[in-house]
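Single-structure report; data block below.
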Amino acid sequence: MNQPLVSIIVPYHNEAEFAARALESLVKQDYSKEKIEILAVNSNSSDNSPEIVKSYAQKDNRIKLFDNPLGSTPISLNIGIKNAKGDLITKSDAHTIYPPDYISKCVRYLEEYKTDAVGGVTKNVPADSSLAARAIISVLGSPFGSGGAFRRGGGKPRLADTAYGICYRREVFHKVGLFNEKLIRSQDFDFNLRLTQSGGKILLAPDITLTYYPKQKTLISFWRRNFLDGIWAVLPLKFGSPIFKPRHLAPLAFVSTILAAAIGSVFVPPLIWIAVGILTLYLSATLYFSLKIIAREKSLLLFPYLMLAFPARHFAYGLGSIVGAFRLLIPSE
């Protein structure tokens, strides 16, 4: 009888491939139906995902439709927050499938641990059965490919600087503010960092496991995604965001050191051995983790894709961060 009302915000843009599965999982939560509302915010979709979402709204009056003509994710999130009626507000994604007990576990953990927010971990699933898509998933799930604990999970519930599918107490937004609408990407890292720096607590609950479908199906698209993520690991500083965690800047230091040593070797030839040494160590680590993955997956065919996917993760991210650092120097309009 005293269950809090939960508002589930689902921003989406061209999610025709995943929207139905995501909504299906959200409307089938084992939490009291009358204590859930779903706010679906369309960001200028050009496919038929709005029609898919509308068809669900016609069958379930808990789903409310909103439009974001400006397009960016933080604006969609803020539209949802401003229209939410719930005591708790979740940031959900249209390319994620949520287990039936997702909401009930979030509510239970918030009450049990008295934190400001709680989220889970991702179980990455390839967008299709291609070797490239499978390699991308393996890299994202590897400790060498991702520094974020929410991508791997394990252990008991613990405090963290972020999590996936976070459920926030409503008062958090009165205390910290809304999502920074100037951040095209990384708005969730920015918000969670502002929350923890203000004394707020985020609980990572590994038994809340959410199935995530990355959109990237090819190594080229994976490279592009990481390049953009690298830009937005640094560029938020331009818009008043605090510096992210060291793991977000590690690729920047990695790639910058190699480039600096290589360029510097033109004037001081021995510097080239620094670049060679770092690349040798990196290649050894990539080989080691790739072999571990193919042994686990029992698929030798994955090997060349893994040897390319790890660099697509690290080098693209690092190069993107360098571009982001240069863009910090460009005056804002």
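The values are calculated or read from the model by the stated rules, or taken from the named source; none is laboratory data. Small disclaimer: the values here were computed from a predicted structure and weren't measured. Don't worry about glycine lacking a Cβ; one is built from the backbone with ideal geometry, like all the others, and counts go over all protein chains shown.
Here are a few things to note about the model shown:
- Within the stretch 175-197, being part of a loop (DSSP other than H, G, I, E, B), surrounded by 20 or more Cβ atoms within 10 Å (Cβ to Cβ) and polar (S, T, N, Q) holds for one residue alone: 186.
- Close pairs from the stretch 74-100: first closer than 22 Å to residue 123 by Cα and in the same structural domain as residue 163 (by TED's automatic domain parsing), partner basic (Lys, Arg) and part of a helix (DSSP H, G or I), Cβ under 7 Å, at least 6 apart: 97/21
- Residues in the stretch 10-26 that are crowded, with 16+ Cβ neighbours inside 10 Å and either assigned to a helix (DSSP H, G or I) or not assigned by TED's automatic domain parsing to the domain that holds residue 42 (or both): 19, 20, 21, 22, 23, 25, 26.
- Screening residue 172 on (1) under 22 Å from residue 242 (Cβ atoms); (2) under 15 Å from the mean Cα position of the chain (by Cα); (3) part of a helix (DSSP H, G or I); (4) of a type in the set (Val, Ile, Thr) shows it passes everything except condition (2).
- Qualifying residue in the stretch 125-139 (condition: touching a residue at least 40 places away in the same chain (Cβ under 8 Å) and under 24 Å from residue 159 (Cα atoms)): no
- Residue-level check: of (1) in contact (Cβ under 8 Å) with a residue 60 or more places away in the chain; (2) in contact with a Leu (Cβ under 6 Å, 6 or more places away or on another chain), residue 315 misses just (2).
- Taken over the stretch 30-61, the criterion of being surrounded by 13 or more Cβ atoms within 10 Å (Cβ to Cβ), charged (D, E, K, R) and within 26 Å of the chain's Cα centre (by Cα) is satisfied by 37, 47, 54.
- Each residue in the stretch 219-244 was checked for being surrounded by 15 or more Cβ atoms within 10 Å (Cβ to Cβ) and assigned to a loop (DSSP other than H, G, I, E, B), and 2 of them qualify.
- Yes/no for residue 252 being over 24 Å from residue 22 (Cβ atoms), part of a helix (DSSP H, G or I) and in the same structural domain as residue 144 (by TED's automatic domain parsing): no
- Of all residues in the stretch 176-204, those that are in contact (Cβ under 8 Å) with a residue 40 or more places away in the chain have Cβ atoms under 6 Å from Cβ atoms of residues that are crowded, with 17+ Cβ neighbours inside 10 Å and among the charged types (D, E, K, R), 6 or more apart or on another chain, in 180/190; 183/190; 200/116; 201/116.
- For residue 200: the one exception among (1) part of a helix (DSSP H, G or I); (2) more than 15 Å from the chain's Cα centre (by Cα); (3) of a type outside the set (A, V, I, L, M, F, W, C): (1)
- Look at the stretch 51-62: where a residue is closer than 16 Å to residue 8 by Cα and in a loop (DSSP other than H, G, I, E, B) and a partner is at pLDDT 95 or above and not aliphatic (A, V, I, L, M), sitting 6+ places away or on another chain with Cβ atoms under 6 Å, you get 62/37.
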